[in-house]
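Colleague: A single structure is presented below for examination.
Read the figures in this text as sums done on the coordinates, not as results from a lab. Keep in mind that this is a model prediction, so the values were computed, not measured. Quick reminder, even Gly has a Cβ in these numbers, built from the backbone with ideal geometry, and neighbours come from all protein chains shown.
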């Protein structure tokens, strides 16, 4: 028997797969050949997904802590015992203070809409728990693009096949969005030039026609210089700007102060290269920019995302099918589907990057006394890791982790609850790299005593005596509720049709030109330009002052290995790079200045933490920049920490947006100095 489903990983591609089942066991998993994006090919990590399902270290029964927090000493217990203990702890906290002393923490461990959090949110809404802004990734990109267009729609990435200039800006498409790469190659075969703009020479940059390696975080200066050149060289389409935008005069004044010579000093790109990029972008049409979330992880990341979103507004690139900005398509699904309304009144909410601060703040009223983690591994993926561990070590913090494996977060739990994998439950898959909606059918029964996330929260609600029928809705009902929308993009897309066909494209015509065929959702119906300024972040070489003298190197945290892009696969030795440990990448000039040689081990450190690592000399990074891969679990360093022990947790003053991961300053010395 073959059962179709959709991949749940936090990836643009949302592939459709075929699971072959024999005698109740999944024996083969392959990409579906008919799906227009998957085309029969899965990525290297998902090719071995069944190894995850049946891995001998998978958690298959509820666990209760019996040793110190962090030692991962647990005893198996029944579901009845686990739910009763959680219910008692929560009820006691609610009676003593209120539900706000309980914190829900979750993110994108699954992109499946149902298992990601609909039932969890209903449960935590019912108890009035504190929540988080899920802004580690994506929110800043959304906000910056929205500043220009109101709602940040982009072109369908499949339409890049029509482009003649494709700029891959801060995105490693070949590695992290591999099912789009064939579209780009087809466009190149038809005459497109492929340009990569990135501070790191990635595997995508290696395959591009042109690579512009700018200094980290200087993208806004580059955009301003490009607009300066457009004005200087008479390349501005003033009729388009007058008819379709607001704020041009203010933007032009900003751009005139950013000469190409000044931009060269800031970005490290030569005047000639900036001129070439500008003239190519405006003359070889359709011209498209592909940008996802890479540049957003900075203090002024919203400015960067807004600046890049201005370029097609200034040049009128939106007029051409295949031109404009190709960003996340998630906004299409969130517009069309009938997502639940936010709670009224809203719950107390924190930016998730502040988790360490939140867990260690004893003056907060009420302070956090219980933590429930699902679909996330914050001990690895959130910045200021040492402070997070300090919080997780609190004996008076009751922690519940819903997981498939003993992650670095689960090691600190009081109760661990085993959850199902994607081939064991029903779900609805949206995408942020194409416009196909897919259903995920369970191919096998849950392994061991694992349960879907939704069922865990249904049972917990029942244990606590909640009688709202919405807290017992089954997964099919939840999908039907999402599809119960009168939006034209969902017309004719029903639960029955998805079961029959597995995937259906939203009713968005191929070649649709956002902001030409549709109207920007701004106050005046125009694309918003306005004043723009390049600002160096506080923790950058140009903005840090004395801190920069102590820690002169910029740290980037890369996703760079084909089988291992994030924390989801860090526990599997077969997925890790050959060297079996994270390495610090450093430019040969910086290594020579520090007396480093091949085979040395080094300490990379700042005031937040220290890691001892092996080193790799490479010119993939610029002088003054070092890189450590993201997502490695704690056991891979002598300090028992990952790179987020070093990274910058700063978030915007209003709490909205990503942490400034990539604006982290460090020093590197020979181990032991």
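Colleague: Starting with the fewest neighbours, write out 20, 365, 420, 522 ranked by other beta-carbon atoms found within 10 Å of each beta-carbon.
Modeller: If I rank by nearby Cβ atoms, fewest first, I get 365, 20, 522, 420.
Colleague: With runs of 4+ DSSP H residues as the only contributors, calculate the mean residue ellipticity of the chain at 222 nm using -39,500 (n - 2.57) per run, divided by the residue total and rounded to the nearest 500.
Modeller: -8000 deg cm²/dmol
Colleague: If you don't mind, there's one more thing I want to ask. Calculate the length of the line joining the C-alpha centroid of segment 135-167 to that of segment 416-452, in whole Å.
Modeller: Comparing the Cα centres of segment 135-167 and segment 416-452, I get a distance of 28 Å.
Colleague: Would you mind ranking 57, 296 so that the residue whose beta carbon has the fewest other beta carbons within 10 Å leads the list?
Modeller: 57, 296
Colleague: To continue, here is another question. What do you get for the angle between helix 301-315 and the principal long axis of the chain? Use alpha-carbon atoms, 0 to 90 degrees, nearest ten.
Modeller: Roughly 50 degrees, rounded to the nearest 10.
Colleague: For the chain, find the longest principal axis of its Cα atoms and tell me its angle to the long axis of helix 139-149, 0 to 90°, nearest 10.
Modeller: 40 degrees
Colleague: Also, quick follow-up: If we count other beta carbons within 10 Å of each Cβ, what is the order of 538, 131, fewest first?
Modeller: Working: 538 16, 131 23.
In order of increasing Cβ crowding within 10 Å: 538, 131.
Colleague: What's the center-to-center distance, using Cα atoms, between segment 58-78 and segment 482-532 in Å?
Modeller: Value for the Cα centre distance between the two parts: 46 Å.
Colleague: Could you work out how far helix 271-283 tilts from the main Cα principal axis of the chain, as a 0 to 90 degree angle to the nearest 10?
Modeller: For 271-283 against the chain, the angle is about 80 degrees.
Colleague: As an exercise, find the ratio Rg/Rh for the chain from alpha-carbon atoms, using the Kirkwood inverse-distance average for Rh.
Modeller: Working: Rg = 24.8 Å, Rh = 26.0 Å.
Using Cα coordinates only, the ratio equals 0.96.
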